[in-house]
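Below you'll find the structure, written out as structure tokens, and then a few comments.
Since every read-out is calculated from the coordinates, none of them should be taken as a lab result. For clarity, every value in this text was computed on a predicted model and none was experimentally measured. Note that we place each Cβ from the backbone using ideal geometry, even for glycine, and neighbour counts take in every protein chain shown.
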Amino acid sequence: MTLRFATTAVHVVLMAVLALSVLTPPTALRLTLALVVLLPLLLTLRGLRAGRRPVEQRLAVLLVVYVGGISVEVVAQSGRVPLLSVALLAAVLELGLLLALTRRPAARE
């Protein structure tokens with residue numbers, strides 16, 4: 001399994017877990033909130049898969065915000081919401097994978 005594939009897989013897992021945690025129980029307000037939370041991650045998915053280094057770097061900065069926000073929510077919920085803990089682990093793992101991915105030398109074309 002390549003580093004890019006692993007990063008993309010964790011990205012998709014993060015999006016799925018965030019969607020599940022926000023959309024439970026489903027309401028119109030929660031659907032709007034899920035769209036706001038997931039839109040930045042959805043917009044970076046194509047660039048991540050294509051291996052665009054600027055997108056990877058911006059995504060790493062974006063993930064810092066997600067890690068911070070999810071951390072606050074996990075603490076506020078006192079760990080009672082396991083999906084948020086999984087989302088936090090996925091976000092931290094993706095951030096680490098992205099940092100490893102962006103630190104590699106650029107491929108020559």
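So here's what we get for this one:
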| item | result |
| --- | --- |
| Highest-fluctuation residue, L83, L18, L33 considered, GNM on the chain with Cα pairs under 10 Å | L33 |
| Over the chain: helical MRE at 222 nm, DSSP H runs n ≥ 4 each giving -39500 (n - 2.57), nearest 500 | -28500 deg cm²/dmol |
| Of L23, A87, A9, farthest towards positive along the dipole that unit charges on Lys, Arg, Asp, Glu beta carbons give the chain | A9 |
| From the coordinates shown, Rg and Dmax of the Cα atoms in Å corresponds to which of [x] 14.4, 49; [y] 20.1, 60; [z] 13.1, 38 | [x] |
